Structures are given as C-alpha cells and as structure tokens.
Amino acid sequence: LYDRTGSYDKAFICFSSANDLVSKTWIAGNIDRTSAISEISSLGSIFMDPDNRFSGATSERLHPVFLLGFPRSGTTLLGQILHSRPGVTTLEEKPLVAAMIDRMRKLGMRYPEDMVRLASDLAEDLQQVYLSATSEFLDPGDNALFVDKLPLNMTHAGLIHMVFPNAKIIFCLRHPCDVCLSCFMQHFKLNESMIHFLDLEDTARFYDQVMNLWGVYAKRLPLRYHLVRYEAIVARFDDETRRLFDFL
C-alpha cells in the first residue's frame, strides 16, 4: 500500500522486513545458497575455455522455442503475447530442461563438468527425454509452435544449444535497476536461485553473474536469438511484436 501511494521509503522498509522474516524460515535455512552460484561459475569457466569444443545433436525431433531472461524482465508479458497467437502454445515454467540434466546425472555424468563429453548420440537421447517430458503437458497431435518459457533456463543456454542446435531463443531484457528492485519486491517460491532475491545486494550480484554467463554463451555459441526489450514492447507494441513474429 505504501508503494502504491508513493511512500517509497516506508514501502522499502516493509519489503526489507518481509524478506528478512522469510530468510529466517525453516525453508530458507535448508536451501544451499551457494548451489546456483557455483553452477553458474562452473558453466562460465567451461564455456569460456578456448580449448573446449562443443558438439551436439546432428538431427532434431522437436524444434522448441525458448523464452529466456532474468525474472521480472517481461517474460510473462511475452508469454501471454505469444500464447494469444493462433498456432502458438506456450508452456509456463515446466522442468523440461531439468529433465535433461537429471538424465545426464542418472547416466553417471556430472553437470556441468561433463558438457564437453556430450556426443551427438547422447544429445539425441536428451532430445527424447525432453520430448517425453513435454508429452505430459502437450497433446501429441498438436502441431502448434511450442514455446518453453522458464526465464532462468538462460543459465542452461549452452545445453539447450547442444541438444537443439537450431532452436530459436527469445531473450527478454529490461533495465537492471527495474529488474533487481522488482525481484526484491516479489514474493517468490524459494529455491536455490530465488533465495538470492531476499537481499537487494545479493539480487544485484546474482543478476551480474547470470547476465555475464549469458554474455559468454552469446560470444562462444552461434545462438539463434531475438532480443526483446521490455521498454520497447511497452512503447512500440505493434512494431516490436511484428519483429518478434517475423523472427519466429
């Protein structure tokens, strides 16, 4: 209420107090705060290493579109825009990429350390794992363009590219000040990533690490991605959505 009536100093105290209380809960106390950071750091090191070569699938059974971006960057708005278009189906926040990572671990591989060992036959096996996971949510006879929306899958863009080298990616970008403050103000279900949004400085550090990793992917891999700025969608809706659908 303070936020909506412009009493921002008072509102900030309330958001800070709420997040402090959440950080003291049993759930928060049992989350490993270093897990996501360590994974991001390992992925960055692997994909920055000039000696590493990344191969992947040579054929694809499915051609999903991935809707990625830092939380609160406009991914929900984009998902609604896409889903409203006939012939497009958007799946919201389903653990489809996670199913591929689980498969790698069940085969005795470490993620992300063994990414350089991802041969074409294994990549195509992971396609089948992904396809099986999607069948829980999609009609097998549905020929609609399929959009997988889970913003922080951006940290797994390397795996996505190796399994689906022709996949198209929609990448949402918004001013970092807006994104970080909005994440701090939002009440998320806690996990290894969302735990960082309980403190504004932690949020900013996490944003920096995630976005730096995306920069590594964009530099090292021939990603097929289209950048959508939240501010541009709001200001020039028709033009920006037309460009988006032209890309798709």
For Lys24, counting only lysines whose alpha-carbon sits under 22 Å away and dropping same-chain residues fewer than eight positions off, the answer is Lys10, Lys189
Reported to the nearest 10 Å², Phe247 has, with a 1.4 Å probe, an accessible area equal to 50
Which of (1) 14.7; (2) 12.5; (3) 17.6 gives mean projected area of the Cα convex hull in nm² as computed here? It is (1)
As straight-line cross-link partners of Lys168, the qualifying lysines (C-alpha separation under 27 Å, not fewer than 8 residues apart within one chain) are Lys94, Lys149, Lys219
Rounded to the nearest 10 Å², the 1.4 Å probe accessible area of Arg243 is 120
Non-local residues with an amide H under 5 Å from the amide H of His226, with H modelled 1.01 Å from N and Pro and chain starts lacking one, are Ile169, Ile170, Phe171
Only helices counted: for the chain, with every DSSP H run of 4 or more residues adding -39500 (n - 2.57) and the sum spread over all residues, [θ] at 222 nm is -15000 deg cm²/dmol
Using a 1.4 Å probe on heavy atoms of the protein chains only, the accessible area for Ser23 in Å², nearest 10, reads 40
With every protein chain kept in place and a 1.4 Å probe, the chain has an accessible area per residue in Å² of 53
Evaluated at 4 °C and 1.567 mPa s, the Stokes-Einstein D of the range 151-248 based on the Kirkwood radius over Cα pairs, in µm²/s, stands at 87
For the range 124-217 the chymotrypsin sites (Phe, Trp or Tyr not before Pro) that pass both the DSSP coil test and the at-most-16 other-Cβ-within-10 Å test are Phe137, Phe188
Relative to the chain, whose Cα atoms define the longest principal axis, helix 237-247 and its Cα axis are tilted in degrees, nearest 10, by 20
Honestly the range 1-114 on the Cα gyration tensor test (a ≥ b ≥ c root eigenvalues; a/c under 1.5 rounded, otherwise a/b vs b/c for prolate or oblate) is just oblate
For the range 85-193, the percent of all C-alpha pairs falling in each 5 Å bin, from 0 up to the bin holding the max distance, is 2, 9, 18, 21, 18, 14, 11, 5, 1
For the range 105-192 the GluC sites (Glu not before Pro) that pass both the DSSP coil test and the at-most-11 other-Cβ-within-10 Å test are Glu136
Heavy-atom accessible area of the chain with neighbours in place, 1.4 angstrom probe: carbon+sulfur share in percent works out to 51
Restricting to Cα pairs under 8 Å and 6 or more apart, the percent relative contact order of the chain works out to 30
The alpha-carbon center of the range 174-248 and that of the range 14-53 are separated, in whole Å, by 16
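The values are calculated or read from the model by the stated rules, or taken from the named source; none is laboratory data. Not measured: the values here are computed from a predicted model. FYI the Cβ positions are ideal-geometry reconstructions off the backbone, even for glycines, and counts take in every protein chain you see. To get the accessible areas, we keep the full protein, side chains included, count just its heavy atoms, and leave off ligands, DNA and RNA. Shrake-Rupley method; radii C 1.70, N 1.55, O 1.52, S 1.80 Å.
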